[in-house]
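Here, each number is a calculation from the coordinates, and none is a lab measurement. Note that the coordinates shown come from a computational prediction; the quantities given were computed from them, not determined experimentally. Cβ placement follows ideal geometry from the backbone for every residue including glycine, while neighbour counts extend to all protein chains displayed.
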Amino acid sequence: MLEVRGLNKSFSGFRAVSDVDLTVETGQIAAVIGPNGAGKSTLFNLITGHLRPDTGSVRLDGRDITGAAPHRIVRMGVGRSFQRTNIFAKLTVFENLQAAFLVHRGRGRDFWSRAAALYRDDTERLLASIGLVDQRDTVAGTLSYGNQKQLELGLALASDPALLLLDEPTAGMSATETHDTIRLIERIAGERSLTLLFTEHDMDVVFQIAQKIAVLHQGRVIADGAPEEVRADPEVRRVYLGEH
Amino acid sequence: MTSETTTTTTTGVAEATPAAPASQMIGGGSSVIGRIPWTLIVFLVACSVPWIGGRYNTFLAEQIAIDALFAVSLNLLLGTTGLVSFGHVAYFGVGAYVCGILMKTYNVPFILAFPAAGLGAALFALVSGYFCVRLIKLYFAMLTLAFSQIIWAIAYKWNDVTGGDQGLPEIPFPSFDWLNHVPWLGDLKTSDQFYLLTVLLIAISLAIIHRIVRSPFGRVLTTIRDNPERAAFIGVNVKLYQLAAFVVAGTFAGFAGALYGLFSRGVFADYVFWSKSAEVMIMTILGGMDYFWGPPIGAFALVWLNQEITDYTQYWPFFLGAILLVLLFGFPGGILGGVDMLWQRLRRARRA
Amino acid sequence: MAPSFLFSQFMGGLTTAMFLFLIASGLSLVFGIMRVINFAHGSFYMLGAYLAWQGVQWFHPTGPGFWAASLFAACGVGVLGAVVERLFFRSLYGREELYQLLFTYALVLILGDAAKFLWGTDQLSVSTPPVLAGSVQIFGSTQPLYNLFIMAIGPLIAFLGWLVLNRSGVGRMVRAAQMDREMLDALGANVGTIYTGMFVFSSFLAGLSGALVTPIQSIVPGMDVLIIVQAFIVVVIGGMGSFWGTFWGSVIYGEVLSFGILIFPGFSLFSVFALMAVILIVRPWGLFGRPL
């Protein structure tokens, strides 16, 4: 599904991502972990076209998407959420999701129909699926933090992605919220048979749902494999899990 | 996408001040006030001004109507797309000059000159906008300012075409001979007939813009306003949509300019100076840029205030500046924002 | 064309340039540090001119009074800058740039009328201080001494500014503030004081340049909005926030205007705005600036 080869990115001399190789198979749930500043977010931004890599390639189902504009990459079936919550703050929850449907179905060039009347059923269904029915008409900027994260997930899902990238989906959440969010993600990934790539700081969450884990350290992949292999890897234990 | 966008577009949701969503706007759909056909009433009142208001009020009403269209066109950028253009007067000016030059120098009838004004403004908006939308924030504002000053420099110096600092005086009114035998309308002065034509054209323009704002295209623009980065990640080609909004806004500014040139019987370089862009922006903010009808209300308030205050003192700019200060520090939502807040509070009080 | 003619054209451009540099350097400084475009900078300049005129009336109609008056004007405008920053601007730093732009525009309107109210609408003028009243011949062209003085002042201020920004503790903090406001907070520096200080310094420069322009230009209402656009052009060409950029931007502007008149008379105005647009399109951060 996703194939990253020899990816490099430097910011004024500092190598944020260094010779990264990463493969995610269709239907897999994969995690990228690593300490703060290991380059996880940069890697995500390189994959989704937000940043252009210095060298290396990103392939999606065999197609080269290296450095393509974000809106193109979304249309090819990649959805993503952000570490800092990223929604349309002045629109209602309903309008947020409806807008995502409008764009995905190619109606954005329509100057004449009434936007409010379009894709109502799809929007309602998605609202129900992400559990925001009660917040339907709330202005998104006033939602609670957890609800905003749910909405963000909804925005990513509206474009019907095959591959979903989630950047720290549980950052800043309480234990209960984390639990609920993980259940939600698992359920949706199952229902839609999504391929999932996520970063996460909570190791319990990672080892609970990931089928494959890549460990980044100072911009390099130092381990990549099944959870048990990664857990047993001596280098990972040394630099990341804090053992000597 | 350019690298500038990536480094600076961050949206702190916590800082965002949410405005009322369309569904909750003043009056709401279900209340008594909401059911009154306000737009129709305003249109009919506007049409009756020549008969009931006399010459001076007709003059004021025409000024308000044209300013309203100009400000609404700006708000398509400001309030809907989140683009701070500091040079919107350029497109107003291009429209005014195209229409004025065609009608005065080449005797082209209004029915051709008016669309040509919109087309001219649209073309210039397409060319200048293509460059402007690649920049963000302050750089965008500066480049729009630069383009508007280019238009000003041309207007001011290209004597052969624009009349230079003398401008283009005495642009003829469109011919209304065909109205002579129509009862009521045929007896009016030409300037009143032109006023009615202006009101009609502006009503149609506003209806079209209203429709566009409510369309899927308009909804996409609001996503760009709220969060360009996120908009790209639901699949929006941000720059392209910004450019489209820029061209639509420029076109209607051009129409407003064409009408203004005829209304004031001349086109002068002063119309295009950069401070005019600031004035129309003040109108927009004064009325409330989160609302479709905000800019027209701002236009009404400003023209009326100007008229009242200049009766007493020559220091109108001082008062305008003071109004702006009150607005910025006290009511950033403008008149409609204030009314809306009051309305919500009343409703809550009644429910409690 | 005679070389002496070209030379005097060149010197004319340079005089314009150094004046603009005095004005634009303050504008650029405020932009570089606070990311604010200050439309009122032109109004500060105008107030400097009016205050200088007032000072000359008070201190001594001719002679040494001019220097005292200029200092008085610059300090007066600096104080005004402090008041504006502390009372109003402070609460706008976190808000959208639209509100910041409009606030500075509100100042333009208010200060413009205040000047009309205080000093009327007639042209006012200040005579050249006697020391600099003469002129000299250079390469066969006549150069007023006062213009030469301005040409010397410009680079001097540039050099002093560069010295302060690059060789002192304040300068380090200012540069840190340019890079990252949060970082400066983390360093424990008092950002508020630095911002006020920079704004005051910028206003001081605007007031000073307004005062120094009075011997060669008459003081009229409207000089504020005319100058601010020129200062914008200079800052954009050189790079917003870059001190030397502003210096060279001024030189380019002055010379393009000066020689533009020879090459296509009537369109030199057009050419400077076009230059501004082209720079923004090709290199938005200016010839000497850094990308944000």
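Would you mind estimating how fast chain A diffuses translationally, via Stokes-Einstein at 25 °C and 0.890 mPa s with the Kirkwood radius over Cα pairs, in µm²/s?
Calculated translational D: 131 µm²/s.
When DSSP beta bridges are limited to those with both residues in the range A:164-244, what percentage is antiparallel, rounded to the nearest 5? Walk me through the intermediate numbers first.
Values: 5 of 9 bridges.
If I count the DSSP bridges inside the range A:164-244, around 55 percent turn out antiparallel.
Tell me the label-point distance for the pair A:Glu124, C:Leu132, using the 7 Å Cα-to-Cβ offset, in nm and rounded to one decimal.
7.8
How large is ³J(HN,Hα) for each residue in the range A:152-159, as worked out from phi by the Karplus curve 6.51 cos²θ - 1.76 cosθ + 1.60 (θ = phi - 60°), to whole Hz, x for Gly and Pro?
Calculated HN-Hα couplings, in order: 4, 4, x, 4, 5, 6, 4, 8 Hz.
Give the range of the longest stretch in chain A that excludes all GluC sites (Glu not before Pro) found in loop regions by DSSP and having at most 13 other beta-carbon atoms within 10 Å.
So the longest stretch without any such site is A:26-242.
What distance in nm separates the two pseudo spin-label positions at C:Ile263 and A:Asp204, each 7 Å out from Cα along the beta-carbon direction?
7.2
Where the only charges are on Cβ atoms (+1 Lys, Arg; -1 Asp, Glu), what is the dipole of chain A about its Cα centre, to the nearest 20 debye? Walk me through the numbers before you get to the answer.
Values: 28 positive and 31 negative charges, 186 e Å.
Roughly 900 debye, rounded to the nearest 20.
Hey, what number do you get for the protein assembly as shown at 222 nm if only DSSP H runs of n ≥ 4 count, each worth -39500 (n - 2.57), divided across all residues, to the nearest 500? Write down the numbers at each step before the final one.
Working: 36 runs with 545 residues, N = 888.
-20000 deg cm²/dmol, from helical runs alone.
Within chain B, what's the longest stretch lacking chymotrypsin sites (Phe, Trp or Tyr not before Pro) that sit in DSSP loops with no more than 11 other Cβ atoms inside 10 Å? Write down the numbers at each step before the final one.
Numbers: sites that count: B:Tyr106, B:Trp184.
The reported range is B:185-352.
Any idea what the dipole of the range B:274-352 comes to, in debye rounded to 20, about its Cα centre with Lys/Arg Cβ at +1 and Asp/Glu Cβ at -1? Don't skip to the end; give the middle numbers.
Working: 6 positive and 5 negative charges, 117 e Å.
Using only the charged Cβ atoms, the result is roughly 560 debye.
Among all lysine pairs in chain A that are eight or more places apart or on different chains, how many have alpha carbons less than 26 angstrom apart? Could the numbers behind the result be given before it?
Working: A:Lys9/A:Lys40; A:Lys9/A:Lys212; A:Lys40/A:Lys149; A:Lys40/A:Lys212; A:Lys90/A:Lys149; A:Lys149/A:Lys212.
Taking chain A as the scope, the lysine pair count is 6.
For a test of the definition: using alpha carbon positions, the gyration tensor, and the 1.5 limit on a/c, classify the range C:22-220 as rounded, prolate or oblate.
Values: a/c = 2.41, a/b = 1.50, b/c = 1.61.
Oblate.
If the chain between B:Trp51 and B:Ile111 were fully stretched, how many nm would it gain, using 0.36 nm times the residue separation less the Cα-Cα distance? Don't skip to the end; give the middle numbers.
Details: separation 60, 0.36 × 60 = 21.60 nm, distance 2.55 nm.
This chain segment gains 19.1 nm when fully extended.
Could you tally up the Lys pairs in the range B:35-351 with alpha carbons closer than 26 Å? Skip any pair fewer than 8 positions apart unless they're on separate chains. Intermediate results must be reported in sequence, preceding the final value.
Working: B:Lys104/B:Lys157; B:Lys104/B:Lys189; B:Lys104/B:Lys276; B:Lys137/B:Lys239; B:Lys137/B:Lys276; B:Lys157/B:Lys276.
Going through the range B:35-351 pair by pair, I get 6.
Which one, B:Gly294, B:Val272, B:Gln307, is farthest towards the positive end of the dipole of chain B when Lys and Arg carry +1 and Asp and Glu -1 on their Cβ?
Checked the options; the winner is B:Gly294.
Have a look at B:Ser275, B:Ser191, B:Ser215 and tell me which one the Gaussian network model of chain B (Cα, springs below 10 Å) gives the largest fluctuation.
B:Ser215
In a shell of Cβ-Cβ distance under 12 Å around A:Ile87, excluding A:Ile87 itself, what net charge do Lys and Arg (+1) and Asp and Glu (-1) give?
On the way: positive: A:Arg84, A:Lys90, A:Lys149, B:Arg230; negative: A:Glu95, A:Glu152, B:Asp226, B:Glu229.
Residues near A:Ile87 contribute 0 overall.
Order of B:Cys99, B:Cys47 from fewest to most other C-beta atoms within 10 Å?
Details: B:Cys99 31, B:Cys47 15.
Sorted ascending by nearby Cβ count, the order is B:Cys47, B:Cys99.
Taking the Cβ-Cβ separation of C:Leu87 and B:Asp270 as r and a Förster radius of 30 Å, what is the calculated FRET efficiency to the nearest 0.05? It would help to have the intermediate numbers written out before the result.
Numbers: r = 33 Å, r/R0 = 1.10.
E between C:Leu87 and B:Asp270, to the nearest 0.05, is 0.35.
Report the net charge of residues surrounding B:Gly338, where surrounding means a beta-carbon distance below 13 angstrom and charges are Lys +1, Arg +1, Asp -1, Glu -1.
Details: positive: B:Arg345; negative: B:Asp290, B:Asp340.
Neighbourhood net charge equals -1.
Between rounded, prolate and oblate, where does the protein assembly as shown land on the alpha carbon gyration tensor, with a ≥ b ≥ c its root eigenvalues, rounded for a/c under 1.5, else prolate if a/b exceeds b/c? Before the final figure, lay out each step's value.
Working: a/c = 2.03, a/b = 1.28, b/c = 1.59.
Verdict is oblate for the protein assembly as shown.
Averaging sequence separations of C-alpha pairs under 8 Å and six or more residues apart, then dividing by the length of chain C, give the relative contact order as a whole percent. Kindly include the intermediate steps, with their values, before the conclusion.
On the way: 464 pairs, mean separation 102.2, N = 292.
RCO, chain C: 35 percent.
Based on alpha-carbon positions alone, could you give the equivalent ellipsoid semi-axes of chain B from the gyration tensor, as √(5λ), descending, whole Å? Walk me through the intermediate numbers first.
Values: eigenvalues 209, 146, 74 Å².
Working from the Cα gyration tensor, I get semi-axes of 32, 27, 19 Å.
Work out how far the C-alpha atoms of the range A:88-142 reach from end to end along every principal axis, then list the three figures in whole Å, largest first.
Sorted from largest, the Cα extents of the range A:88-142 read 30, 22, 16 Å.
Over chain A, what is the relative contact order in percent, taking alpha-carbon pairs closer than 8 angstrom and at least six residues apart? Walk me through the intermediate numbers first.
Details: 444 pairs, mean separation 65.5, N = 244.
RCO, chain A: 27 percent.
Based on the Cβ-Cβ distance from A:Ser144 to B:Leu342, what FRET efficiency comes out when R0 is 25 Å, to the nearest 0.05? Display every interim value, and only then the final one.
On the way: r = 27 Å, r/R0 = 1.09.
Efficiency, rounded to the nearest 0.05: 0.40.
Pop the C-beta distance of C:Trp67 and A:Phe11 into the FRET formula with R0 = 41 Å and round what comes out to the nearest 0.05. Could the numbers behind the result be given before it?
Working: r = 50 Å, r/R0 = 1.22.
With a Förster radius of 41 Å, E is 0.25.
Inside 10 Å of the C-beta atoms of B:220-228, what's the mean count of C-beta atoms belonging to other chains?
Details: counts 8, 2, 6, 12, 1, 4, 11, 10, 0.
Going residue by residue through B:220-228 and averaging, the value is 6.
Note down the net charge around A:Asp134, summing +1 for each Lys or Arg and -1 for each Asp or Glu among other residues with Cβ under 15 Å from its Cβ.
On the way: positive: A:Arg136; negative: A:Glu124, A:Asp137, A:Asp180.
For residues surrounding A:Asp134, the net value is -2.
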